[in-house]
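The values are calculated or read from the model by the stated rules, or taken from the named source; none is laboratory data. In this text the structure is predicted, and so the values were computed from the model without any measurement. We place every Cβ from the backbone using ideal geometry, glycine too, and count neighbours over all the protein chains shown.
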Amino acid sequence: MNITDLTVHELQEKLKNKELTVTEITEAYCNRIEEKEKDIDSFNTTYLDEARNQAKEIQEKINNGEIIGDYAGIPIGIKDNICVKGTRTTCSSKMLENFIAPYSATVAEKLNAENIITLGKTNMDEFAMGTSTENSAFKITKNPWDLTRVPGGSSGGSAAAVAANLVPWALGSDTGGSIRQPASLCGIVGLKPTYGLVSRYGLIAYASSLDQIGVLTKDVRDSAKLLTLIAGKDEKDSTSEDKGNINYEDCLKNDVKGLKIALPKEFFGEGLDKEVKDKLYEAAEIYKKLGAEVEEISVDIEKYVLATYYIIADAEASSNLGRFDGIRYGHRTNEYSNIEEIFKKSRSEGFGDEVKRRIIFGTYVLSSGYYDAYYKKAQKLRTYISNEFNKAFEKYDIILMPTSPTTAFKIGEKSGDPMQLYLADIDTVSVNVAGLPGISIPCGVDSKGLPVGMQLIGNKFQEETILNAAYTFEQEYKFREKYKPQAINKSKILI
Ligand code: GLN
């Protein structure tokens with residue numbers, strides 16, 4: 001048995017049957033990280049010694065009958081923009097290179113309460129701005145399916161770590177696709193919950209009206225499990241909502257008979273890679289065979305979504321990142337003669353190019369004289385986009401569309417041209433603009449052997465509908481049994 005190949009629910013089974021111990025599981029992951037992390041570069045910081053010690057303590061408690069939680073001793077990776085008390089939390093930025101979080105995000109508290117073990121903080125695009133993880137100030141994470149390609153972004157470290165079996169699952173954040181898109185490019189499952197379902201307290205903000213913490217897992221059951229653990233109203237986040245205690249595993253029925261699925265034709269047109277399109281149509285046929293009703297519809301938003309998203313996201317970012325000035329938060333320059341210079345030099349040294357570009361752009365669209373022309377118009381379009389989705393959900397349960405217009409691209413292929421990278425977000429951003437839940441699951445590989453992702457979007461708080469649809473497809477298609485990321489398994493060191 002290869003321990004690191006197992007899903008969390010499989011690990012739980014083996015723990016329950018006493019086929020495995022917590023120490024064995026942690027040891028297997030720590031060893032795998034020690035062997036493979038240098039090929040993938042998915043972590044900014046690892047906590048392997050701490051993890052090994054924690055595992056021993058948990059195992060002792062289990063042996064003494066003290067802990068009975070189902071998740072005690074399960075390891076996890078956490079994106080480096082989520083505060084975990086005592087850990088370095090850098091947002092992959094020089095600005096926060098030495099920041100040790102003095103408190104934990106609510107999601108991290110919840111995992112801690114279950115005795116889940118944090119193995120490390122995962123690499124990302126700086127302040128979650130990007131689509132390839134190439135914007136990290138520290139390292140470029142590699143795609144485990146092909147080490148010369150990007151893992152997607154901005155939660156690229158989390159996605160690559162899960163795909164390479166360095167962690168069984170991970171947390172990420174998704175402002176415009178940063179969970180779904182890297183999940184798609186790395187051949188795993190990525191779920192972005194409805195805005196408000198999961199507390200954002202302790203998530204370092206990029207664009208507060210779009211940001212959402214979510215999960216990256218090997219399969220849909222694990223997604224449902226991790227969502228169950230982190231969802232819920234939090235007094236510390238006034239935008240979080242109380243939906244009661246839902247166990248999302250209960251909705252996994254393996255049945256989509258009568259489910260109404262819409263394919264928005266605008267997202268299947270120009271710009272979509274032919275092989276990706278073919279895989280999605282094949283997936284739609286599988287849904288039909290399983291008893292779902294699939295129809296092509298028009299959701300006329302495609303031409304507006306990127307402009308709307310980038311205006312709103314950058315406007316909010318320019319405001320959120322104002323606090324990193326070398327005084328209140330973040331890197332402080334060494335030499336300065338007055339306070340103005342502290343601000344200027346600290347921010348110039350601390351932020352990377354993409355972050356600066358967005359702060360400048362965001363400041364511009366909010367400035368007097370341009371506010372009405374850009375920001376206000378974007379807000380109107382936001383309402384229009386939501387309304388278009390609402391219309392679709394009057395008749396359909398789910399929208400099926402690509403997660404990404406292409407499979408994983410080469411490292412360096414788009415990094416010189418920000419517009420090319422923004423275009424790669426075309427399929428994911430509207431979900432955040434409208435506050436909807438979306439999941440990406442693998443639905444095949446292209447002729448290069450790279451995974452293709454399918455995105456299922458639901459109406460607000462309809463996580464159960466998309467999880468069940470994703471699960472039903474997964475049970476039929478069996479992606480994980482058919483395909484494995486060969487590059488990492490073949491890479492230099494053998495397991
Ligand atoms: N790629 C998008 C951006 O750069 C989305 C990022 C995200 O979801 N954090 O804004």
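Before moving on, here are some points about what is shown:
- Residue among ASP174, ASP146 that alone is modelled with pLDDT of 95 or more, more than 13 Å from the ligand (Cβ to nearest atom) and touching a helix residue (DSSP H, G or I) at 6+ places or on another chain (Cβ under 7 Å): ASP146
- Selection count, the range 319-354, where residues are closer than 27 Å to TYR374 by Cα and surrounded by fewer than 21 Cβ atoms within 10 Å (Cβ to Cβ): 10
- Under the condition of being in a loop (DSSP other than H, G, I, E, B), out of contact with any helix residue (DSSP H, G or I) (no Cβ under 7 Å at 6 or more places or on another chain) and of a type in the set (Val, Ile, Thr), the residues counted in the range 387-440 number 1.
- Screening THR118, THR46, THR106, THR133 for residues that are at pLDDT 95 or above and within 16 Å of the ligand (Cβ to nearest atom) leaves exactly one candidate, THR133.
- Selection status of THR383, surrounded by 14 or more Cβ atoms within 10 Å (Cβ to Cβ) and either more than 22 Å from the chain's Cα centre (by Cα) or within 30 Å of PRO437 (Cβ to Cβ) (or both): no
- When residues in the range 278-309 are screened for being within 16 Å of the ligand (Cβ to nearest atom) and surrounded by 21 or more Cβ atoms within 10 Å (Cβ to Cβ), 3 of them pass.
- One residue stands out in the range 12-71 among those that are among the charged types (D, E, K, R) and at positive phi: the one that is surrounded by the most Cβ atoms within 10 Å (Cβ to Cβ), namely ASP41.
- Scanning the range 196-228 for residues that are assigned to a loop (DSSP other than H, G, I, E, B) and either hydrophobic (A, V, I, L, M, F, W, C) or under 13 Å from PRO168 (Cα atoms) (or both) yields LEU197, ILE204, ALA205, ALA207, LEU210, LYS218, ASP219.
- TYR304 in contact with a Leu (Cβ under 6 Å, 6 or more places away or on another chain) and hydroxyl-bearing (Ser, Thr, Tyr): yes
- Considering the conditions (1) within 16 Å of the ligand (Cβ to nearest atom); (2) crowded, with 24+ Cβ neighbours inside 10 Å; (3) of a type in the set (A, V, I, L, M, F, W, C), ALA224 is excluded by exactly one of them, (1).
- Restricted to the range 132-173, and to residues there that are hydroxyl-bearing (Ser, Thr, Tyr) and assigned to a loop (DSSP other than H, G, I, E, B), the residue that is surrounded by the fewest Cβ atoms within 10 Å (Cβ to Cβ) is THR148.
- Restricting ILE342, ILE312 to those that are out of contact with any strand residue (DSSP E or B) (no Cβ under 8 Å at 6 or more places or on another chain), modelled with pLDDT of 95 or more, assigned to a helix (DSSP H, G or I) and within 16 Å of the ligand (Cβ to nearest atom) reduces the list to ILE312.
- Check on ILE40, in contact with a strand residue (DSSP E or B) (Cβ under 8 Å, 6 or more places away or on another chain) and among the β-branched types (Val, Ile, Thr): no
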